[in-house]
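Please read the structure below before turning to the comments.
The values are calculated or read from the model by the stated rules, or taken from the named source; none is laboratory data. Small disclaimer: the values here were computed from a predicted structure and weren't measured. Positions of Cβ are generated from backbone atoms using ideal geometry, with glycine treated the same way; all protein chains shown enter the neighbour counts. These area figures cover heavy atoms from the full protein model, side chains too; ligands, DNA and RNA do not enter into them. Shrake-Rupley method; radii C 1.70, N 1.55, O 1.52, S 1.80 Å.
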Amino acid sequence: MPTIQLNLKKSQFVPKFYPLLLDYSKRWEVYMGSAGSAKSYFITQKIIIRCCNEKIKVLVCRRTGTTIRNTCFSLFKDLLTKWKLLPYVKIRETDFNIKFPNGSEIIFIGLDEETKLLSLNDIGCIFIEEAFEVPKPIVEQLNLRLRGNISNQQILMAFNPISKNHWLYDFCENNPPSSFRYTHSTYKDNPFLNDEYIAELEELY
């Protein structure tokens, strides 16, 4: 089976997140962080590396399909370009799909596209971007999509700080699942930000 050999340096990753790069031990891996903390960028790095190392089908989703092209899909393409992997993968712009030479596949879908979601099977990893936009029942249904004999199944979620009244607060802070990792981050954890962007963030805060 064809594989992609990656030659990546530790310095390319946010130090706070780096220990989790090849760790798939928790079913739920949740990243709560401010703008500029690179949480979504790291998750994208982690998924691409996993797709290169093993055959896996990944679902990347947001609340609505109209937001996919300019957010998640664009970020994955940018990183594949940066890592010089474009010649090795097949990208379908029409339905937001990326295939790897070893059979791995990344499917991008809005959670408002119910008919497409119902047809998915053999999903080994789900990335829910901006999870605060997604109602709890939909997340519970996505959890049920992870079934079968696939090893180290994961749901990765990323979101900005939330109100204590949001269902995610209770889910993460008070009643987390048994197999759960919760990582907090801020822009101060991201060493790749330039001084100008940091100044803008601090002014907002």
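Consider Leu22 carefully, then state whether it is part of a loop (DSSP other than H, G, I, E, B), in contact (Cβ under 8 Å) with a residue 12 or more places away in the chain and not small (Gly, Ala, Ser).
Values: part of a loop (DSSP other than H, G, I, E, B): yes; in contact (Cβ under 8 Å) with a residue 12 or more places away in the chain: yes; not small (Gly, Ala, Ser): yes.
Yes, satisfied.
Quick check on my filter: what residues within the range 124-160 are of a type in the set (D, E, K, R), touching a Lys or Arg at 6+ places or on another chain (Cβ under 8 Å) and in a loop (DSSP other than H, G, I, E, B)?
Of the residues in the range 124-160, the ones of a type in the set (D, E, K, R) are 129-130, 133, 136, 140, 145, 147.
From what's left, touching a Lys or Arg at 6+ places or on another chain (Cβ under 8 Å): 129-130, 133.
Passing the criteria: Glu129, Glu130.
Please enumerate the residues belonging to the range 50-84 that are in contact with an Asp or Glu (Cβ under 6 Å, 6 or more places away or on another chain) and open to solvent by 10 Å² or more (accessible area, probe 1.4 Å). Steps first, answer last, please.
So the first thing to find is which residues in the range 50-84 are in contact with an Asp or Glu (Cβ under 6 Å, 6 or more places away or on another chain), and the list is 57, 62-65, 72.
Answer for the range 50-84, where residues must be in contact with an Asp or Glu (Cβ under 6 Å, 6 or more places away or on another chain) and open to solvent by 10 Å² or more (accessible area, probe 1.4 Å): Lys57, Arg62, Arg63, Thr64, Gly65.
Cβ-Cβ under 6 Å, sequence separation 6+ or interchain: first residue in the range 126-137 and closer than 17 Å to Gln154 by Cα, partner in a strand (DSSP E or B) and open to solvent by 70 Å² or more (accessible area, probe 1.4 Å). Which pairs?
none
Only one residue in Tyr24, Tyr31, Tyr88 is open to solvent by 40 Å² or more (accessible area, probe 1.4 Å) and aromatic (Phe, Trp, Tyr). Which one? If you could, list the steps in order and put the result at the bottom.
Values: Tyr24 fails: open to solvent by 40 Å² or more (accessible area, probe 1.4 Å); Tyr31 fails: open to solvent by 40 Å² or more (accessible area, probe 1.4 Å).
Only one candidate qualifies: Tyr88.
For the range 53-108: of the residues being of a type in the set (Phe, Trp, Tyr) and part of a loop (DSSP other than H, G, I, E, B), which is nearest to Phe132 (Cα to Cα)?
The initial filter retains those residues of the range 53-108 that are of a type in the set (Phe, Trp, Tyr), namely 73, 76, 83, 88, 96, 100, 108.
If we keep only those that are part of a loop (DSSP other than H, G, I, E, B) as well, we get 83, 96, 100.
Working: Trp83: 30, Phe96: 23, Phe100: 30 Å.
Here the residue is Phe96.
So Asn143 fits all but one of (1) surrounded by fewer than 17 Cβ atoms within 10 Å (Cβ to Cβ); (2) over 24 Å from Gly33 (Cβ atoms); (3) in contact with a strand residue (DSSP E or B) (Cβ under 8 Å, 6 or more places away or on another chain); what number is the exception?
Going through the list (1) surrounded by fewer than 17 Cβ atoms within 10 Å (Cβ to Cβ); (2) over 24 Å from Gly33 (Cβ atoms); (3) in contact with a strand residue (DSSP E or B) (Cβ under 8 Å, 6 or more places away or on another chain), Asn143 breaks only (2).
Within the range 178-205, take every residue that is in a helix (DSSP H, G or I), within 20 Å of Ala158 (Cα to Cα) and out of contact with any Pro (no Cβ under 8 Å at 6 or more places or on another chain) and give me the one that is modelled with the lowest pLDDT.
Here is the first cut: in the range 178-205, the ones in a helix (DSSP H, G or I) are 187-189, 195-204.
Filter once more, so that each one left must be within 20 Å of Ala158 (Cα to Cα): 187-189, 201.
Checking the rest, the ones that are also out of contact with any Pro (no Cβ under 8 Å at 6 or more places or on another chain) come to 187-188, 201.
Details: Tyr187: 92, Lys188: 93, Leu201: 80.
In this case the residue turns out to be Leu201.
Tally time: how many residues in the range 21-41 are among the small types (Gly, Ala, Ser), touching a strand residue (DSSP E or B) at 6+ places or on another chain (Cβ under 6 Å) and within 15 Å of Lys188 (Cβ to Cβ)?
Pass one, the range 21-41, residues among the small types (Gly, Ala, Ser): 25, 33-38, 40.
Pick out the ones that are also touching a strand residue (DSSP E or B) at 6+ places or on another chain (Cβ under 6 Å) and you get 33, 37, 40.
If we keep only those that are within 15 Å of Lys188 (Cβ to Cβ) too, we end up with 33, 37.
Final tally of qualifying residues: 2.
How about the range 177-205: which of its residues are polar (S, T, N, Q), farther than 21 Å from Asp23 by Cβ and surrounded by fewer than 13 Cβ atoms within 10 Å (Cβ to Cβ)? Talk me through it step by step, then tell me what you get.
Pass one, the range 177-205, residues polar (S, T, N, Q): 178-179, 183, 185-186, 190, 194.
When the remaining residues are screened for being farther than 21 Å from Asp23 by Cβ, the result is 186, 194.
The answer is Asn194, and nothing else.
Of all residues in the range 152-176, how many are farther than 16 Å from Arg62 by Cβ, touching a residue at least 40 places away in the same chain (Cβ under 8 Å) and surrounded by fewer than 14 Cβ atoms within 10 Å (Cβ to Cβ)?
1
Of a type in the set (S, T, N, Q), at pLDDT 95 or above and open to solvent by less than 10 Å² (accessible area, probe 1.4 Å) - does that describe any residue in the range 40-49? So that I can check it myself, show each step before the final result.
From the range 40-49, those of a type in the set (S, T, N, Q) are 40, 44-45; that's our starting set.
Those still in the list that are at pLDDT 95 or above too: 40, 44-45.
From what's left, open to solvent by less than 10 Å² (accessible area, probe 1.4 Å): 44-45.
There is at least one residue in the range 40-49 that is of a type in the set (S, T, N, Q), at pLDDT 95 or above and open to solvent by less than 10 Å² (accessible area, probe 1.4 Å).
Across the range 109-123, what is the total count of residues that are more than 30 Å from Asn7 (Cα to Cα) and either assigned to a loop (DSSP other than H, G, I, E, B) or open to solvent by 80 Å² or more (accessible area, probe 1.4 Å) (or both)?
Selection size over the range 109-123: 10.
If you go through the range 163-176 one residue at a time, do you hit one that is among the hydrophobic types (A, V, I, L, M, F, W, C) and either in contact with an Asp or Glu (Cβ under 8 Å, 6 or more places away or on another chain) or farther than 26 Å from Tyr18 by Cα (or both)? Outline the logic, then answer.
Step one: of the range 163-176, the residues among the hydrophobic types (A, V, I, L, M, F, W, C) are 167-168, 171-172.
Right, trim to either in contact with an Asp or Glu (Cβ under 8 Å, 6 or more places away or on another chain) or farther than 26 Å from Tyr18 by Cα (or both) and you get 167.
Within the range 163-176 (the criterion being among the hydrophobic types (A, V, I, L, M, F, W, C) and either in contact with an Asp or Glu (Cβ under 8 Å, 6 or more places away or on another chain) or farther than 26 Å from Tyr18 by Cα (or both)), the answer is yes, since at least one residue qualifies.
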